[in-house]
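Working notes for the structure below.
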Amino acid sequence: MCATKINRRAVLRLGGAGLVTATLGGCKAFDRLADPADPLRHYMERANRLTMAAQRGLLDREAMAQEFQWFDIRQPQRPNGVTDPQDLDYLAHVATGFSGHRLSVSGLVKRPQTLSLADLEAMPTRRQITRHDCVEGWSCIAQWTGVPLSAVLDRVGLLPGANFVLIRCFDTIERSLSGAVKYYETIDMVDAMHPQTILAFGMNGSALPVPNGAPLRLRVERQLGYKMAKYIRAIEVVDSFAGVGGGRGGYWEDRGYAWYAGI
Ligand SMILES: Nc1nc2c(c(=O)[nH]1)N[C@H]1C(S)=C(S)[C@@H](COP(=O)(O)O)O[C@H]1N2
Ligand SMILES: [Mo]
């Protein structure tokens, strides 16, 4: 039997043109769609518009952040958050000019690797002049040089379930009963594969300085500053971040900030 009378709530619950179509498949109800005044036709059109809106949202996320010119850089990149980590393993790297630093890339990848800064610098690099917006309300334009995160992920090869990139940092920002709480961040694969998402080792034409995250910091240009993890120690590809830290995908997210901090 075929339900030609569509209940508004049921249609809304189905929530997508595809599902509505599936429900109505092989049913005389489709005949009604030829009538422009028919309420069912109206619902279907609305559902199509919703699908388009969702796609637009996705395309927006793939759009490029604005890039600037050298003369747009009017002030140094203001160091913010942790600017001088006191963690012993970090200080040991500072003392040796980060020559012993190895970025570990692991998790849901085919070929886990540890990469030296020389390894990363030998990969194709990208340089971009972009604006950093901190949630506190200040901005700075700076030039960033680094290796696209997509190139690093291509190098190690993603496995099924690779949904998020988890970035672990050296710096401890507080201590709790369970130990050191270290800065961490997560981004999804749309942002991880974005051409402007880089692991930066250079800033304004020099090596990335300690206050701004030496030796490696993330630039994820379409999001707020707190997503741009500094002092990167390791990268893990994960299917979910529910079991990491407070479970919300980042140090500040665990304290109430939005996980998706798009601008
Ligand atoms: N590891 C780490 N990354 C971090 C932070 C931090 O405290 N520790 N602060 C974040 C915040 S809130 C901002 S605005 C930027 C500041 O980057 P900057 O010091 O280069 O301006 O780094 C982000 N990444
Ligand atoms: Mo920030």
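The values are calculated or read from the model by the stated rules, or taken from the named source; none is laboratory data. Keep in mind the model is a prediction, meaning the values are calculated, not measured. Note that we place each Cβ from the backbone using ideal geometry, even for glycine, and neighbour counts take in every protein chain shown.
Condition check: in contact (Cβ under 8 Å) with a residue 60 or more places away in the chain and within 16 Å of ligand 2 (Cβ to nearest atom). Does Leu199 satisfy that? In short, no. Residues in segment 125-148 that are outside any strand (DSSP E or B) and of a type outside the set (Asp, Glu) were compared, and the one that is farthest from ligand 1 (Cβ to nearest atom) is Thr125. From the residues in segment 147-179 that are without any contact (Cβ under 8 Å) to a residue 40 or more places away in the chain and of a type in the set (A, V, I, L, M, F, W, C), which one is surrounded by the fewest Cβ atoms within 10 Å (Cβ to Cβ)? Per the criteria, the residue is Leu177. Only one of the listed residues (Thr96, Thr114, Thr125) is more than 24 Å from Met189 (Cα to Cα) and more than 16 Å from ligand 2 (Cβ to nearest atom). That residue is Thr96.
The single condition among (1) surrounded by 15 or more Cβ atoms within 10 Å (Cβ to Cβ); (2) at pLDDT 95 or above; (3) farther than 19 Å from Arg217 by Cα that Arg111 does not meet is (1).
When Gly205 is tested against (1) more than 14 Å from ligand 2 (Cβ to nearest atom); (2) in contact (Cβ under 8 Å) with a residue 24 or more places away in the chain; (3) buried (at least 18 other Cβ atoms within 10 Å of the Cβ), exactly one condition is not met: (3). No other residue among Glu174, Glu185, Glu221 is among the charged types (D, E, K, R), at pLDDT below 95 and touching a strand residue (DSSP E or B) at 6+ places or on another chain (Cβ under 9 Å) apart from Glu174. Kindly indicate whether Ser139 is within 16 Å of ligand 2 (Cβ to nearest atom) and of a type in the set (Ser, Thr, Tyr). Against the criterion (within 16 Å of ligand 2 (Cβ to nearest atom) and of a type in the set (Ser, Thr, Tyr)), Ser139 qualifies. Consider segment 115-146 and keep the residues that are among the acidic types (Asp, Glu) and in contact (Cβ under 8 Å) with a residue 24 or more places away in the chain. The one that is surrounded by the fewest Cβ atoms within 10 Å (Cβ to Cβ) is Glu136. Just one residue in the set Ala258, Ala229 is touching a Leu at 6+ places or on another chain (Cβ under 6 Å) and of a type in the set (A, V, I, L, M, F, W, C); that residue is Ala229. The residue that is surrounded by the fewest Cβ atoms within 10 Å (Cβ to Cβ), among those in segment 222-242 that are in contact with a His (Cβ under 8 Å, 6 or more places away or on another chain) and not in a helix (DSSP H, G or I), is Arg222. Which pairs turn up if I take residues in segment 70-92 that are within 15 Å of Leu216 (Cα to Cα) and look for partners that are at pLDDT below 95 with beta carbon separation below 8 Å, at least 6 apart in sequence or on another chain? Once the first residue is within 15 Å of Leu216 (Cα to Cα) and sits in segment 70-92, its partners that are at pLDDT below 95 give Val82/Ile173.
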